[in-house]
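The values are calculated or read from the model by the stated rules, or taken from the named source; none is laboratory data. The structure presented is a predicted model; accordingly, all values stated were derived computationally and were not measured. Glycine gets a Cβ as well: all are built from the backbone with ideal geometry, and neighbour counts include every protein chain shown. What goes into the accessible areas is simple: the full protein's heavy atoms, side chains included, and nothing from ligands, DNA or RNA. Shrake-Rupley method; radii C 1.70, N 1.55, O 1.52, S 1.80 Å.
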Amino acid sequence: MTDSVIIRTDQLKKIYQMGEVEVPALNGVSITIQEGEFVAIMGPSGSGKSTLMNILGCLDSPTDGQYYLDDQDVSKLNRAQLAHIRNEKLGFIFQSYNLLPRMSAVENVTLPMMYNKAAAGNQVEMTEKAEELLGIVGLGDRIHHQPKELSGGQQQRVAIARALINDPVLVLADEPTGNLDSKSANEIMDILHNLHQSGRTIVMVTHEHDIAEQTQRIIAVRDGLVELDNKNGRM
Amino acid sequence: MKIIDVIKVASRSLTSNKLRSMLTMLGIIIGVAAVIIMIAVSSGTETAIANQINSLGANLVFVMSSFSQGGAGGGMATSSGGLVYSDADAIANSVPHVAGVAVEQTTTQTIKYGNIVLEDVSILGTTPDFTKVREIEVEEGRFLNDQELERSTRTAILGATIAKELFGDTYPIGQKISVGTLKLTVVGVFEEKGLVSGVDYDARVYVPITLVFDKLMNSQFSRIAGDRVRMIYVTVDDKENIDDVILQINLLLSKLHDVPLESPDFQISTQQDIIQTQSATTESFRILLAWVAGVSLIVGGIGIMNIMLVSVTERTREIGIRQAVGATPQDIQSQFLTEALILSLVGGLTGIIFGISGSWVFSRFGDMPTVVDPISIVLAFGSAAAVGILFGYLPANKAAKLDPIVALRHE
Ligand SMILES: Nc1ncnc2c1ncn2[C@@H]1O[C@H](COP(=O)(O)OP(=O)(O)OP(=O)(O)O)[C@@H](O)[C@H]1O
Ligand SMILES: [Mg+2]
């Protein structure tokens, strides 16, 4: 493990404006995550986990505070710049897989490459890389299947391959096993462990203790604040 | 995102819902086809009218009587004015480049044969040159000759329709018909010529103009008017000399009639003038048609906008997914704009095909002359593209403005 910092946030705040009412979702979150860490974020429903993940994933901007991703301040970037960051540096895995329904597995996996300046256009290379990644997640024989022809666990594996296609510096997963039975959940966790082993930085939200405890570090969030940051992998 | 990928993605999402895409294009197809067909029909009609007018004599100059505006030198005699029979001779004898001259004076009479009575038939008094000048052929018998003109012989040549109505299957030549109070011998029947700029050449009876002067103008005024003629036709030997001939006739007749050049008691026009007057009427009709077609294009564009807006809402989640993996607002906008553009361009091309084949069907089976104007194709296709961009912009912009998180949570 190196000392290179991938994520550093400083007093991140997010306040949602619901008409007249202000709903604070994050009240000043400061965390630092090193390259190669596998981090689980836990906390009760409504504590702000997804809000934090969306900001870390550059899908949203904080109301206040700083966010440095891979040494770049991304808290003040515009929408197009954030899109480029998402494309080049981040891989996002959602609870509900979020695959495009009418596209095959391999097409879903290549999707981020189409929006990548360096990769776009080279169809052969894109397809080769996608097939390789699908092989790694154990779907080498299902590359032309559409999402509706795949189980939940298989769909999530396609989503993982998609998250990796542009070789991101950070993989974010918001309850990746939330919709899955325990067998599929374990398969997904195995894949994430393998990724971690090969040096990926992974931040994952989960509700389940036994899954969180498989990681090295658990960050507990409550009411938009970091309640506990346990680097031993035990709460 | 590469342009080629944008086009692929757009066409893929369009083909995944073929029926809807087709119905959306229908508006543009109809609009474009309508523009092309309407322009083809109106320019075809115009060409046909011009051809018809030209078919009644080449290089023709029309000299018509008109009432003088009361020129300075004009007394009663000239201001009631107009052309007289001798003007024709004067033109024939002293204006160079004149190849033929015919005169015409009309009156309306009741004609009878046996127990068939035709009322209000146009009787056209003219001279033997008429057939040559107006390029109209006698089908049976012959036309007037100089002798008959000189002696105002009671002879008549019938238009094709009149001949059919009076005689049916009977051979008309040599028969006697009554025109007003006169009995005339039929010596010829014209070929069919049809309706040209509102005049039915087949529903007329042609007689020596001298007969009209002597016997058929029955009012007191007309008798005083004497050998007044309505129109003198002048054929010019060559197209190039038309302007010169017009000038010469102007000079000659103003002098003969003793009227100032700037307010003559006659009017000279050419076939070109007549074609232009005709065009002016079809022109306004054409503008109206163009508006109707243009409006249908706009309606087609609104159809595209409508469907694209629905599509953006339906595919909000897809938009969110694309944004999450790195699509910029610009990428999303291009995708939807391209979809709208493909719809309108494919619709436009289909419309052009339908427009051209529709024009062909109209001329082939609808008995309507059509001329497909290449400009109209460019115009129609260009407006279809413009409609696509214009009406695709709002939905594309709506899609691009979607917030990724909101879009991902949609459904
Ligand atoms: N778009 C929004 N508008 C208004 N309030 C919001 C919005 N998104 C989240 N919130 C509020 O912010 C707080 C944190 O929400 P968040 O989704 O981050 O919770 P969470 O920890 O992910 O919960 P869960 O475990 O149920 O997924 C909640 O109180 C929620 O109601
Ligand atoms: Mg959540």
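Please indicate, with yes or no, whether at least one residue in the range B:334-346 is within 14 Å of chain A (Cβ to nearest Cβ), of a type in the set (D, E, K, R) and closer than 30 Å to B:K18 by Cα.
The answer is no, given that none of the residues of the range B:334-346 is within 14 Å of chain A (Cβ to nearest Cβ), of a type in the set (D, E, K, R) and closer than 30 Å to B:K18 by Cα.
Could you list, in sequence order, the residues of the range B:391-406 that are under 9 Å from B:M305 (Cα atoms) and within 13 Å of chain A (Cβ to nearest Cβ)?
Selection gives nothing.
So, of the residues in the range A:63-76 that are open to solvent by 20 Å² or more (accessible area, probe 1.4 Å) and closer than 24 Å to B:A400 by Cα, which turns out to be farthest from ligand 2 (Cβ to nearest atom)?
It comes out as A:K76.
Restricting attention to the range A:9-57, which residues are among the β-branched types (V, I, T), farther than 19 Å from A:L192 by Cα and in contact with a strand residue (DSSP E or B) (Cβ under 7 Å, 6 or more places away or on another chain)?
A:T9, A:I15, A:V23, A:V29, A:I31, A:T32, A:T51, A:I55
Do we find that B:N17 is surrounded by fewer than 20 Cβ atoms within 10 Å (Cβ to Cβ), without any contact (Cβ under 8 Å) to a residue 60 or more places away in the chain and closer than 21 Å to B:T281 by Cβ in this structure?
no
Taking the range A:196-214 only, how many residues are touching a Ser or Thr at 6+ places or on another chain (Cβ under 9 Å) and open to solvent by less than 10 Å² (accessible area, probe 1.4 Å)?
6
Please enumerate the residues belonging to the range B:266-324 that are hydroxyl-bearing (S, T, Y) and part of a helix (DSSP H, G or I).
B:T277, B:S279, B:T281, B:T282, B:S284, B:S296, B:S311, B:T313, B:T316
So is A:E227 within 16 Å of ligand 1 (Cβ to nearest atom) and either outside any strand (DSSP E or B) or surrounded by fewer than 14 Cβ atoms within 10 Å (Cβ to Cβ) (or both) or not?
The answer is yes for A:E227.
Return the only residue of A:R79, A:R86 being away from ligand 2 (no atom under 16 Å from the Cβ), touching a Ser or Thr at 6+ places or on another chain (Cβ under 9 Å) and more than 22 Å from A:A185 (Cα to Cα).
Within the list A:R79, A:R86, the selection yields A:R79.
Which numbered condition in (1) open to solvent by 10 Å² or more (accessible area, probe 1.4 Å); (2) under 16 Å from the mean Cα position of the chain (by Cα); (3) more than 15 Å from ligand 1 (Cβ to nearest atom); (4) of a type outside the set (G, A, S) is the only one that A:I33 fails?
It fails just one condition, (1).
Being surrounded by 24 or more Cβ atoms within 10 Å (Cβ to Cβ) and assigned to a helix (DSSP H, G or I) is true for just one of B:G355, B:G382. Which residue is that?
Just a single option satisfies the conditions, and that option is B:G355.
Looking at the range A:209-224 only, could you name the residues that are farther than 19 Å from A:L195 by Cβ and in a loop (DSSP other than H, G, I, E, B)?
Hits for the range A:209-224 are A:D223, A:G224.
In the range A:77-135, how many residues are of a type in the set (G, A, S), more than 9 Å from every other protein chain (Cβ to nearest Cβ) and open to solvent by less than 60 Å² (accessible area, probe 1.4 Å)?
Number of matching residues: 5.
From the list B:R409, B:R364, which residue is farther than 22 Å from B:G301 by Cα, within 14 Å of chain A (Cβ to nearest Cβ) and either charged (D, E, K, R) or out of contact with any helix residue (DSSP H, G or I) (no Cβ under 8 Å at 6 or more places or on another chain) (or both)?
Matching residue, one of B:R409, B:R364: B:R409.
Just checking, how many residues over the range A:42-62 are β-branched (V, I, T) and either open to solvent by less than 10 Å² (accessible area, probe 1.4 Å) or touching a helix residue (DSSP H, G or I) at 6+ places or on another chain (Cβ under 8 Å) (or both)?
Total satisfying the criteria: 1.
How many of the residues making up the range B:148-198 are part of a strand (DSSP E or B), modelled with pLDDT under 85 and surrounded by 14 or more Cβ atoms within 10 Å (Cβ to Cβ)?
1
Just to verify a result, which residue in the range A:171-195, among those that are under 13 Å from the mean Cα position of the chain (by Cα) and away from chain B (no Cβ under 14 Å), is farthest from ligand 1 (Cβ to nearest atom)?
It comes out as A:L195.
Being surrounded by fewer than 19 Cβ atoms within 10 Å (Cβ to Cβ) and more than 24 Å from A:R86 (Cβ to Cβ), is that true of even one residue in the range A:163-181?
Yes, there is a match, as at least one residue in the range A:163-181 is surrounded by fewer than 19 Cβ atoms within 10 Å (Cβ to Cβ) and more than 24 Å from A:R86 (Cβ to Cβ).
Would you mind stating whether B:V406 is within 16 Å of ligand 2 (Cβ to nearest atom), modelled with pLDDT of 90 or more and either open to solvent by 20 Å² or more (accessible area, probe 1.4 Å) or part of a helix (DSSP H, G or I) (or both)?
Yes, satisfied.
If you scan the range B:116-134, which residues turn out to be assigned to a helix (DSSP H, G or I) and open to solvent by less than 60 Å² (accessible area, probe 1.4 Å)?
Correct list: B:F130, B:T131, B:V133, B:R134.
Condition check: more than 9 Å from chain B (Cβ to nearest Cβ) and under 18 Å from A:K14 (Cβ atoms). Does A:Q66 satisfy that?
Against the criterion (more than 9 Å from chain B (Cβ to nearest Cβ) and under 18 Å from A:K14 (Cβ atoms)), A:Q66 qualifies.
So in the range B:1-60, with the set limited to residues that are among the hydroxyl-bearing types (S, T, Y) and more than 14 Å from chain A (Cβ to nearest Cβ), which one is farthest from B:G347 (Cα to Cα)?
So, considering only residues that are among the hydroxyl-bearing types (S, T, Y) and more than 14 Å from chain A (Cβ to nearest Cβ), the one farthest from B:G347 (Cα to Cα) is B:S55.
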